[in-house]
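**Q** Can you keep this structure in mind? I'll have questions shortly.
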Amino acid sequence: MTCASVLTCVNGLIYPSACGPKNGDRPMGFCKPKPLKVNFIHKFGPDSKVPIVIDQSDFSPATRGGLSYQIENLPDGLRGSGLHIFAINRSDDQWVFVSTKIGTEHGTKPNQEYTASFTISMVSKTPGGCFGVGGSPHSVYIKGGVVNTEPIVIYDEKRKYYKFSINKGNQVNVGPDAIGLGDIGVSLDCNKNTPWTPITRSGKMDVTADEYGNIWAYVGTDSGFEAASDYYYDHLVISLQPK
């Protein structure tokens, strides 16, 4: 029997050929355990113990939009609670985001490559098909991602502009460090009495944990609607599959 000379793991032991113990090879030691899949679930509610950061960017000091948020019960008979965001876009371009850290306490490994499956559950009453100031009310694009540097807001002194540290793209355009997750519109026509409606959006991207095993997850809305937007975050679910 001809066996390729390649290290092979069989029943937790390393052998010097592809045939392993079938070829009479003696084990060379123990295999390194494969990293486990990491499942991270964040419920935006009063009982959550996972810290989150909420902030905004993509404006100059003169065009800073209004932003308010709080944990409260979901509206109109929907069960549970969520993070209620009310954002006013005064510059025809406003990014509002929520971020949280996933680390070794959740099971990640330093420098490990992962494929992340990303799902966000929200509640919105934004109609589709309407016209509005600077864009339609549903021109508020949902984006998210997993990265190995902390997402922060940076003030560009030269441009006099607040920008996001992660390349998420701008409005409908998606950057390399983001997943496009549609928009906050929940109806097909311009219905001014659109009810609060749950929406779920999903996507995938790759990420490599930093040297300490840290990964930051973020989700946000990139608004091209020059007025107020109103929505809730319910759940953020991320599954990290080692590569």
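**Q** Counting only residues that are over 23 Å from Arg201 (Cβ atoms), among the charged types (D, E, K, R) and not in a loop (DSSP other than H, G, I, E, B), which one in the stretch 137-180 is least open to solvent (accessible area, probe 1.4 Å)?
**A** Among them, the one singled out is Asp156.
**Q** Can you list residue pairs whose Cβ atoms sit under 9 Å apart, with the first residue in the stretch 105-116 being in a loop (DSSP other than H, G, I, E, B) and the second being hydroxyl-bearing (Ser, Thr, Tyr)? Count only pairs 6 or more apart in sequence or on different chains.
**A** Thr108/Tyr114; Pro110/Thr104; Pro110/Tyr212; Asn111/Thr208; Gln112/Thr208
**Q** I would also like to ask the following. Name the residue that is nearest to Leu236 (Cα to Cα), counting only residues in the stretch 23-34 that are touching a residue at least 12 places away in the same chain (Cβ under 8 Å) and open to solvent by 50 Å² or more (accessible area, probe 1.4 Å).
**A** Lys34
**Q** Quick check: is even one residue across the stretch 11-20 outside any strand (DSSP E or B), within 20 Å of the chain's Cα centre (by Cα) and either of a type in the set (Val, Ile, Thr) or surrounded by 14 or more Cβ atoms within 10 Å (Cβ to Cβ) (or both)?
**A** no
**Q** Being of a type in the set (D, E, K, R), more than 13 Å from Thr119 (Cα to Cα), surrounded by 23 or more Cβ atoms within 10 Å (Cβ to Cβ) and at pLDDT below 95 narrows it down to one residue among Asp183, Asp189; which is it?
**A** Asp183
**Q** Could you tell me how many of the residues in the stretch 40-59 are surrounded by 14 or more Cβ atoms within 10 Å (Cβ to Cβ) and either basic (Lys, Arg) or touching a Ser or Thr at 6+ places or on another chain (Cβ under 9 Å) (or both)?
**A** 13
**Q** Then there is this: It is to be established whether one or more residues within the stretch 219-233 are aromatic (Phe, Trp, Tyr), within 27 Å of Glu72 (Cβ to Cβ) and in contact with a Lys or Arg (Cβ under 6 Å, 6 or more places away or on another chain).
**A** no
**Q** Within the stretch 203-231, how many residues are open to solvent by 10 Å² or more (accessible area, probe 1.4 Å) and closer than 15 Å to His42 by Cα?
**A** The qualifying residues number 1.
**Q** Oh, and also: Suppose we filter Thr108, Thr104, Thr126, Thr115 for residues that are among the polar types (S, T, N, Q) and open to solvent by 50 Å² or more (accessible area, probe 1.4 Å); which single one remains?
**A** Thr104
**Q** Related question: From the set of residues in the stretch 64-93 that are open to solvent by less than 40 Å² (accessible area, probe 1.4 Å) and among the hydroxyl-bearing types (Ser, Thr, Tyr), which is modelled with the lowest pLDDT?
**A** Ser91
The values are calculated or read from the model by the stated rules, or taken from the named source; none is laboratory data. From a predicted model like this one, the values you see are computed outputs, not experimental measurements. Reconstructed Cβ throughout: ideal geometry from the backbone, glycine too, with neighbour counts over all protein chains shown. The area values use the complete protein model at the heavy-atom level, side chains included, leaving out ligands, DNA and RNA. Shrake-Rupley method; radii C 1.70, N 1.55, O 1.52, S 1.80 Å.
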